[in-house]
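Quick note: the coordinates plus some simple rules give every number you see, no bench work behind them. These figures come from a predicted structure and were not determined experimentally. Here the Cβ positions follow ideal geometry from the backbone for every residue, glycine too, while neighbour counts run over all protein chains shown.
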Amino acid sequence: MPAFSLDPPQTAWCAELRTVAAERLRPLAEKGEPGHVNRPLVAELGRLGLLKRLFTSGAVDLCLMRESLAYACTEAETALALQGLGAYPVHAYGTPAQRDRWLPQVTEGGAVAAFALSEPGAGSDAAALELRAEREEGEGREDVPPGQSVRTPGGSLAAHPDGPARWRLTGEKCWISNAPEADFYTVFARTTPGAGARGVTAFLVPADRPGLTGTGLDMLSPHPIGALGFDAVPVTADDVLGEPDRGFRVAMGTLNLFRPSVGAFAVGMAQAALDATLAHTARRDAFGGKLKDLQTVAHQVAEMALRTEAARLMVYAAATAYDEEAPDVPGRAAMAKLLATESAQYVVDMAVQLHGARALRRGHLLEHLYREVRAPRVYEGASEVQRGIIAKELYANMEAGR
């Protein structure tokens, strides 16, 4: 894997994104209501063409966007990322009808998407999903096993005399970003009991489906996050993303793209904390000189810079591997997310320490980053899950002789 470095157009684009985030997006973010979807902010991301780039560019561009926006406006970064996470399964696995119905609205900033995977009892262990997709009585053909649908030679779901296969979704989802205010959800439900990851199907569920309810959750960082309840919510074969019982592929395919970009989000926050620390220690008087003249402080700042740059390089190596369709993407994606999010936690925490009490005051950049930086170590696979993925990939490669 070649070393990653930005070319001049990428460098200029990142600088432009930082400026746009500070001048156009941050004022909209500041007007938003904590814990709720900021639709004017999402709409502005659409007008700027950034939402469209989620689906027309590669993983490296996604990481550049997330890092640059995170540096100047974490709320804008999060709004962009959540649109991508919720709608990417439609882009990558949806039917032409599904894509035509939703993707133009998503890219314009008019429809809000959500990725509904986690449950109260199945967060890190995504294969343990309990949301049930129960086949309706009398639906489907007798020669087709429950939970499966007929496909034509061309791969499309075939109709039968009673119409498309139908299910009812019953259960709960929790910790879902943009819930309960999203316009549609990518929902993962169990269609075959006892089959683990192989018995999960992904459905595109519009928010106005009968039986779908939701409540907001008050979190450490005031993002729009909620719980969803499914009381016999109707879905049909026309709502399936990908193939029945193959929804875990949809989930993992999406996460393999977005995990490195979570790392980019973390790198953007770490860089913002590092730059704030450089400025503060260069001007702060202490012990007869400047803070930066103290060896202890200088070494801590050097460690912060070292970890930030190491994380950045691993993030873009993973993104490059994804764009080049390398075989080791899952392991690289896990490494990138793990190193970047853990490093960002260290850098932001050390920045707070070097700033002292002023950094703990409400409204300070570092107070904001301190709350923002904690969640990425948990969502889209906690750090412990990433270590498990890395180890699994290492042993698989050893057994395969790679």
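Tabulated data
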item	result
Order of Arg312, Arg135 under a 10 Å beta carbon neighbour criterion, fewest first	Arg135, Arg312
Among 58-70, 169-181, 346-358, the order from most to least packed when residues are scored by Cβ within 10 Å on average	58-70, 169-181, 346-358
Förster radius 35 Å - calculated FRET efficiency between Arg39 and Glu325 (Cβ-Cβ, nearest 0.05)	0.50
Helix 8-20 vs. the chain, principal-axis angle (Cα, 0 to 90°, nearest 10)	90 degrees
R0 of 45 Å, Cβ-Cβ distance Glu303-Ala195: FRET efficiency to nearest 0.05	0.45
Those lysines that a straight Cα-Cα span of less than 17 Å connects to Lys392, excepting residues fewer than 8 apart in one chain	Lys337
Gyration tensor verdict on the stretch 216-334 (Cα atoms; rounded if a/c is under 1.5, prolate if a/b is larger than b/c, oblate otherwise)	oblate
In degrees, nearest ten, helix 247-283 long axis to first principal axis of the chain (Cα)	10 degrees
Within the stretch 309-402, GluC sites (Glu not before Pro) in DSSP loop having at most 14 other beta-carbon neighbours inside 10 Å	Glu324, Glu325
Euclidean distance of C-alpha centroids, the stretch 57-93 and the stretch 194-271, integer Å	15 Å
Residues Thr19, Thr296, sorted so that the one with the fewest Cβ neighbours within 10 Å comes first	Thr296, Thr19
Folded to 0 to 90 degrees: helix 329-355 orientation relative to the chain principal axis, Cα	40 degrees
Sites matching chymotrypsin sites (Phe, Trp or Tyr not before Pro) across the stretch 210-318 that sit in DSSP coil, with at most 13 neighbouring C-beta atoms within 10 Å	Phe287
Rounded, prolate or oblate (a/c below 1.5 giving rounded, otherwise prolate when a/b exceeds b/c) for the stretch 249-399 by Cα gyration tensor	prolate
Cα gyration tensor shape for the stretch 8-108, rounded if a/c is under 1.5, else prolate or oblate	oblate
